[in-house]
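The values are calculated or read from the model by the stated rules, or taken from the named source; none is laboratory data. Please read these numbers as outputs of a predicted model, since none were measured by experiment. Cβ atoms come from the backbone with ideal geometry, glycine included; neighbour counts cover every protein chain shown.
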């Protein structure tokens, strides 16, 4: 057998390189086929829970529950609209509101065509047109993490007529983030396309548990989180691309938005976890509160980036809070622990 292998294996350097290149290509092709098959099965096993609206050639998936004044929910990166189901926020808000949760473009079952750059402003413009089709008038808009940037962009679209903003664990000011270039790599044309079906497809699966733990820290990850969101739905190549593009646009978006924060006239309620390891609450939540005179701030002690799982009632109260004298209640709503954080 060994002699047969020696006869088949090239003896020249060029020949060996050709064999290695062929084996590598075959391995990459097999990985790509595997990733595509896993994505197809994930979508078959996790069909849309809501309905679709067609806007500017983009098929947007949304879930609607309840009746009353409208509350729009916009999720962050990594997850999809089921994040608000797993946290219990949709059900709790639907007791008194018409709640509409969107899969942002490229996430869950929403499309993300390549005909535009999917900045926060582009996503907001698409959602504003969806509001018209779905008769969503003067909504309260809640955004978590990257969804908070889209919520801010929506509020700056006067035609969206946002009545109130609720911002959770948001990134509002440009800061140096060494993780941004790493996570943005799969967004690069051509190279990124290859990565999403090969290297990134494998890495996303290996890193998912660690990523989720960091998002929830210091709390434990709820047992229902990954089963509700469906692990394989979160690591499909299209969602890897959406995550990467959002990572690439995060800092530029904060640069462009910060110049316009003074235009926001509606009440704004800001939530942050005092122990958030993803977005520093002092640099972002507290600073935004300083810049927005019509805002109230809740820095919650002992909670991290995914605070909407542990603070559902506080968020519901923040949505229902009065629209006047919001700054007067800020200090009284902050515990001594959060002030010291």
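Would a scan of the stretch 217-226 turn up a residue that is at pLDDT 95 or above and on the phi > 0 side of the Ramachandran plot? Looking for residues that are at pLDDT 95 or above and on the phi > 0 side of the Ramachandran plot, one finds none in the stretch 217-226, hence no. A count restricted to the stretch 236-250 and to residues that are over 13 Å from residue 195 (Cβ atoms) and without any contact (Cβ under 8 Å) to a residue 60 or more places away in the chain stands at 0. Checked against (1) modelled with pLDDT of 90 or more; (2) in contact with a helix residue (DSSP H, G or I) (Cβ under 9 Å, 6 or more places away or on another chain); (3) more than 19 Å from residue 72 (Cα to Cα), residue 114 passes all but a single condition, namely (2). The set of residues in the stretch 252-270 being out of contact with any helix residue (DSSP H, G or I) (no Cβ under 6 Å at 6 or more places or on another chain), crowded, with 18+ Cβ neighbours inside 10 Å and over 12 Å from residue 155 (Cβ atoms) consists of 254 alone.
When each of 272, 254, 285 is tested for being part of a strand (DSSP E or B), at pLDDT 95 or above and over 18 Å from residue 162 (Cβ atoms), the lone residue that passes is 272.
Taking the stretch 212-225 as the range and being surrounded by fewer than 17 Cβ atoms within 10 Å (Cβ to Cβ) and not in a loop (DSSP other than H, G, I, E, B) as the test, the residues that pass are 213, 214. Criterion applied to 43, 64 was being closer than 27 Å to residue 212 by Cα and in contact with a strand residue (DSSP E or B) (Cβ under 9 Å, 6 or more places away or on another chain), and the one residue passing it is 64. In contact with a strand residue (DSSP E or B) (Cβ under 8 Å, 6 or more places away or on another chain) and either over 28 Å from residue 225 (Cβ atoms) or modelled with pLDDT of 95 or more (or both), is that true of residue 98? So residue 98 fits the description; yes.
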